[in-house]
1. Pick from 54, 30, 99: which is most flexible by mean-square fluctuation in a GNM of the chain where alpha carbon atoms under 10 Å apart are linked?
2. Determine the gain in length on full extension of the stretch residue 95-residue 80; use 0.36 nm per residue of separation and subtract their C-alpha separation, reporting nm with one decimal.
3. Restricting to Cα pairs below 8 Å that are 6+ residues apart, what does the relative contact order work out to for the chain? Please round to a whole percent.
4. Over the Cα atoms of region 2-118, what radius of gyration and what Dmax do you get, in Å?
5. When 111, 78 are ordered from fewest to most other Cβ atoms inside 10 Å of their Cβ, what list results?
6. Measuring from label point to label point, each 7 Å out along Cα→Cβ, what is the residue 73 to residue 25 span in nm?
7. Quickly estimate the mean residue ellipticity at 222 nm for the chain, helices only: each DSSP H run with n ≥ 4 gives -39500 (n - 2.57), and the total goes over all residues, rounded to 500.
8. Would you mind ranking 86, 42 by Cβ crowding within 10 Å, fewest neighbours first?
């Protein structure tokens, strides 16, 4: 029982580690930034793994990349706008401009490599 509570608590905390984007604030938040946007859902087990990897990436990241999150259940219009049909999906933006979309869980080393390649 304690294990279940800890897992749920970790999932809840990790889902709020990065700032969340909405249709109303997305353009403003991404302006003049290199960003990774994590499209996820709270009920998605692979999304929890991706969230953990992004948190670890954020802690080891020396670049100017900012991480944002989009809950596809709360922001379906953003998921539709960027063609997100499978989660987790990471979308890369440079100065607010869409660069690349990748589906699936990415390791911390893959995230570092992507940042090096895209920014």
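1. Looking only at 54, 30, 99, the biggest GNM fluctuation is shown by 99.
2. Net length gain for the segment: 3.3 nm.
3. Contact order relative to length: 32 percent.
4. Cα radius of gyration and Dmax of region 2-118 are 13.5, 44 Å respectively.
5. Fewest to most other Cβ atoms nearby, the residues stand as 78, 111.
6. Those two pseudo-labels are separated by 2.0 nm.
7. -12500 deg cm²/dmol
8. Lowest to highest Cβ neighbour count: 86, 42.
No value in this document is a laboratory result; all are computed from the given coordinates. Note that the structure is predicted; figures quoted are calculated from it, not measured. Cβ: placed from backbone, ideal geometry, glycine included. Neighbour counts: every protein chain shown.
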